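The values are calculated or read from the model by the stated rules, or taken from the named source; none is laboratory data. None of these values were measured; they are calculated from a predicted model. For neighbour counting, all protein chains shown are included, and Cβ atoms are generated from backbone atoms with ideal geometry for every residue, glycine included.
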Amino acid sequence: AKKIKGITCNSVNYKEMDLYEIVANILEIDKFDEEIFKNEIEKIIVLDDGALEFNFYGGRKVKWQKQ
(Lines give C-alpha, C1' and ligand atoms only; values in the text may rest on other atoms or scores of the structure.)
Protein backbone atom coordinates (compact mmCIF):
# COMPACT_ATOMS: atom_id res chain seq x y z
CA ALA A 1 0.00 0.00 0.00
CA LYS A 2 1.23 3.46 -0.85
CA LYS A 3 0.62 6.33 1.53
CA ILE A 4 0.22 9.91 0.37
CA LYS A 5 -0.98 12.49 2.89
CA GLY A 6 -3.22 10.07 4.77
CA ILE A 7 -4.54 8.31 1.68
CA THR A 8 -3.69 4.66 1.16
CA CYS A 9 -3.78 2.61 -2.00
CA ASN A 10 -4.26 -1.12 -1.67
CA SER A 11 -4.24 -1.81 -5.40
CA VAL A 12 -2.73 -4.98 -6.77
CA ASN A 13 0.05 -4.62 -9.32
CA TYR A 14 0.49 -7.25 -12.02
CA LYS A 15 3.66 -7.62 -14.06
CA GLU A 16 3.18 -7.18 -17.79
CA MET A 17 4.31 -10.74 -18.58
CA ASP A 18 1.91 -12.10 -15.95
CA LEU A 19 -0.95 -10.20 -17.58
CA TYR A 20 -0.07 -11.64 -21.00
CA GLU A 21 -0.20 -15.14 -19.51
CA ILE A 22 -3.50 -14.47 -17.72
CA VAL A 23 -5.09 -13.03 -20.88
CA ALA A 24 -3.92 -15.97 -22.99
CA ASN A 25 -5.47 -18.31 -20.43
CA ILE A 26 -8.78 -16.40 -20.41
CA LEU A 27 -8.85 -16.40 -24.23
CA GLU A 28 -7.91 -20.10 -24.28
CA ILE A 29 -4.92 -19.55 -26.57
CA ASP A 30 -1.33 -20.74 -26.16
CA LYS A 31 0.34 -17.33 -26.35
CA PHE A 32 -0.88 -13.73 -25.97
CA ASP A 33 -2.01 -12.27 -29.30
CA GLU A 34 -2.66 -8.53 -29.37
CA GLU A 35 -5.08 -8.70 -32.30
CA ILE A 36 -7.20 -11.40 -30.67
CA PHE A 37 -7.13 -9.42 -27.42
CA LYS A 38 -8.29 -6.21 -29.15
CA ASN A 39 -11.09 -8.05 -30.96
CA GLU A 40 -12.38 -10.02 -27.97
CA ILE A 41 -11.85 -8.01 -24.75
CA GLU A 42 -13.69 -4.73 -24.24
CA LYS A 43 -12.22 -3.97 -20.81
CA ILE A 44 -10.57 -5.49 -17.76
CA ILE A 45 -11.68 -4.42 -14.30
CA VAL A 46 -9.45 -4.93 -11.25
CA LEU A 47 -11.74 -5.84 -8.35
CA ASP A 48 -11.13 -4.88 -4.72
CA ASP A 49 -9.79 -8.34 -3.86
CA GLY A 50 -7.27 -8.22 -6.72
CA ALA A 51 -9.32 -10.45 -9.01
CA LEU A 52 -9.64 -9.45 -12.65
CA GLU A 53 -12.97 -9.26 -14.45
CA PHE A 54 -12.67 -9.62 -18.22
CA ASN A 55 -15.55 -8.03 -20.13
CA PHE A 56 -15.87 -9.38 -23.67
CA TYR A 57 -17.57 -7.62 -26.54
CA GLY A 58 -21.03 -9.16 -26.64
CA GLY A 59 -21.53 -9.08 -22.87
CA ARG A 60 -19.76 -12.21 -21.60
CA LYS A 61 -17.78 -11.72 -18.37
CA VAL A 62 -15.06 -13.97 -16.97
CA LYS A 63 -13.54 -13.53 -13.52
CA TRP A 64 -9.92 -14.53 -12.91
CA GLN A 65 -8.73 -15.03 -9.33
CA LYS A 66 -5.08 -15.47 -8.36
CA GLN A 67 -4.50 -18.96 -6.98
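The single condition from (1) touching a residue at least 24 places away in the same chain (Cβ under 8 Å); (2) among the β-branched types (Val, Ile, Thr); (3) exposed (fewer than 14 other Cβ atoms within 10 Å of the Cβ) that ILE29 fails is (1).
Within segment 33-60, residues that are at positive phi sit with their Cβ atoms under 8 Å from residues that are surrounded by 11 or more Cβ atoms within 10 Å (Cβ to Cβ), at 6+ positions apart or across chains, in these pairs: GLY50/VAL12; GLY50/LYS66. Contact map, segment 1-24: first residue farther than 17 Å from ASP49 by Cβ, second residue modelled with pLDDT under 80, Cβ cut-off under 6 Å, separation 6 or more or different chains; pairs are LYS2/CYS9. Within segment 49-67, being in contact with a strand residue (DSSP E or B) (Cβ under 8 Å, 6 or more places away or on another chain), more than 18 Å from ASN39 (Cα to Cα) and surrounded by 13 or more Cβ atoms within 10 Å (Cβ to Cβ) holds for ALA51, LEU52, TRP64. Which one is farthest from the chain's Cα centre (by Cα) among residues in segment 28-62 that are closer than 16 Å to TYR14 by Cα and of a type in the set (Gly, Ala, Ser)? The residue in question is GLY50. Taken over segment 32-48, the residue count meeting the criterion of being surrounded by fewer than 15 Cβ atoms within 10 Å (Cβ to Cβ) and part of a strand (DSSP E or B) is 4.
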